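One structure below.
The values are calculated or read from the model by the stated rules, or taken from the named source; none is laboratory data. Please read all numbers here as calculations on a predicted model, not as lab measurements. Remember, those area values only see protein heavy atoms, side chains included, never the ligands or the DNA or RNA. Shrake-Rupley method; radii C 1.70, N 1.55, O 1.52, S 1.80 Å.
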Amino acid sequence: RKKVVSKTIDLPVTSIVVGAMSRDKLEAALEQEKQLVNQDSYESQRLVAKNAVEEYIYNIREKLSEELEDFVAEPDRETYSKKLTETEDWLYEDGEDCEKQMYEDKAKELKLVGEAAKKRKSEFDGRKKAIETLGHCLQMAAKAVESYKAGDEKYNHLTDAEIDRVTKLIEEKSGWMSSAVATLDKTAKTVNPSILNCQFISEKDGFEAVVKPILNKPKPKAEPPKEPEAKPAAEEGKTKANAEGQKNNEEAG
């Protein structure tokens, strides 16, 4: 057999990419791609803003003639309806290809009237519940005061000063509530209320923060009766001896 001899030779390898771009051209292409992506994103946002104006017009126009009718004065309602129509026409004419900011400004302008009417309706619808929530809280506290004055065992550990404080707060909050309700009763549905539902809830929370710790104060724990102290053995024996001596004297007598 012939002897096979293997030899290892290091060969230089050179990488050649056909059609490769220079570094400057590559960076320029990447920058151009970035700009195109930004343009696509902006265009998408622009169309969303435009559609938002159109959608708001349709929604508020329908509500204006139904659930919001009582919450916008008739002259203002007519003016606003005209404004909605003008804005809608503008969208399909001069406003077809406007910038995103222009559409956002138009939407903001329309919402000044529409959202104010929605807020008035929301306040009116939730007012009764808000007033009743505060009123119920005051009634429960007043009943607790009456129970204390009647000698109810549940509250007999409270002091007169604590009950006086609760009574004063009840009178204060009841006065505020009566005044607020009277003011709201005189306020037309088409006018923004000067007192909001959240204020009734805030007054209730503030009242409870002071009153609850007083009315719910736990009774002091009763101390167990003390056991008689044990006498020393010597003293006990002496007492016993005295008792026996007295008994013997009585028998002798």
| query | When only the heavy atoms of the protein chains count and the probe is 1.4 Å, how do Leu68, Leu26 rank by accessible area, highest first? | reply | Leu26, Leu68
| said: Given a 1.4 angstrom probe, what's the average accessible area per residue across the stretch 112-166, in square angstrom? | reply: 62
| field | Nearby aspartates and glutamates by direct alpha-carbon distance to Lys63 (threshold 12 angstrom, same-chain neighbours under 8 apart not counted) | value | Glu115
| query | Quick one: ranking His136, His157 by accessible area, 1.4 Å probe, largest first, what do you get? | reply | His136, His157
| task | Using a 1.4 Å probe and counting only protein heavy atoms, arrange Leu30, Leu110 so the residue with the most accessible area comes first. | result | Leu30, Leu110
| field | Entries of Lys143/Lys221; Lys82/Lys186; Lys82/Lys128; Lys129/Lys221 with Cα pairs more than 32 Å apart | value | Lys82/Lys128; Lys129/Lys221
| query | Ignoring ligands, DNA and RNA, what percent of the 1.4 Å accessible area of the stretch 28-170 is carbon and sulfur? | reply | 49
| query | Among the aspartates and glutamates, which have Cα under 13 Å from the Cα of Lys111 when same-chain residues fewer than 8 positions away are ignored? | reply | Glu54, Glu55
| remark: Kirkwood-based Rg/Rh on the Cα set of the stretch 137-225 evaluates to 1.15
